[in-house]
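To start, the structure under review is shown below, and the notes come after it.
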Amino acid sequence: MSNEKIDILTGEYVTLSFKKADVGQRIGAFLLDWLILGVASYFIIALIEEVNLTFFEYIYFSLLPFFNLFIEYKTKGYTIGKKILGLRIISDECTAPSFLQCFMRWLLFPIDYIVVGLILMAQKGQRLGDMASGCQCICTADKYQDKVDLDEEFKYLQPNYKVQYPKAAQLNKDDITVITKVLYHTSFQGRAEETARKIEESLNIARKSPSATLFLKDILNDYKFLNK
């Protein structure tokens, strides 16, 4: 198993470290995906034939190649096999992959695994589809790395995001720099409560969460959302 780390610089100039998924893990996830899909298909087709709906059988087989593309996009970087083995696809900005990125990985998949994919994954940790789409495959399981909740850190990018503290837009870049350091730099993390109180006083607001860290994350996400 690979112990090589991937360091990714986010848009907030914070470096997050992940353990790279090795070739064996990725092949295992691929085999699991298609094994599960094959078993599910067997029962679905048996059911269709039982009720004599041949037309739906053609529809099912025409949609089958797009199954993993749909799953990977809707689950923000997972497939069933990846989830089981503790893997995830993320963008080079440490966010969930967009539909275009998932589509690019899916489109180049046949070339990758037939021609160059295994070679590239062994050398660089990325297959051709990863590089073309600007994505990485990382380990997310606790035994592989420290837990990082990307969905929480970048939830302001979600389409249904709701601002909790509209006054966060009044903060300046120095304020955001301090909040970011307190949240992400270990040498500053003991100052979360002190920083939260100063933000409350500065904006004349009351926090909705008893946790200083959660409050600061909400403030940071609101600021980024309001200043997109």
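The values are calculated or read from the model by the stated rules, or taken from the named source; none is laboratory data. Worth saying up front: this structure is predicted, and the values here are computed from it rather than measured. Note that each Cβ is placed from the backbone with ideal geometry, even for glycine, and that neighbours are counted across all protein chains shown.
Could you please let me know if Lys124 is modelled with pLDDT under 85 and not assigned by TED's automatic domain parsing to the domain that holds Asn221?
Working: modelled with pLDDT under 85: yes; not assigned by TED's automatic domain parsing to the domain that holds Asn221: yes.
In short, yes.
Taken together, the residues in the stretch 73-95 that are in contact with an Asp or Glu (Cβ under 8 Å, 6 or more places away or on another chain), crowded, with 22+ Cβ neighbours inside 10 Å and of a type in the set (A, V, I, L, M) amount to 1.
For the stretch 195-211, filtered to residues that are surrounded by 13 or more Cβ atoms within 10 Å (Cβ to Cβ) and over 15 Å from Ile176 (Cα atoms), the residue that is farthest from the chain's Cα centre (by Cα) is Ile205.
Before we move on, is Ile27 in a helix (DSSP H, G or I) and modelled with pLDDT of 75 or more? Spelling it out, Ile27 is indeed in a helix (DSSP H, G or I) and modelled with pLDDT of 75 or more.
What do you reckon, is Glu72 under 15 Å from the mean Cα position of the chain (by Cα) and modelled with pLDDT of 80 or more? When the stated conditions are applied, Glu72 passes them. Would you confirm whether any residue within the stretch 50-69 is crowded, with 17+ Cβ neighbours inside 10 Å, closer than 25 Å to Lys20 by Cβ and modelled with pLDDT of 90 or more? Yes.
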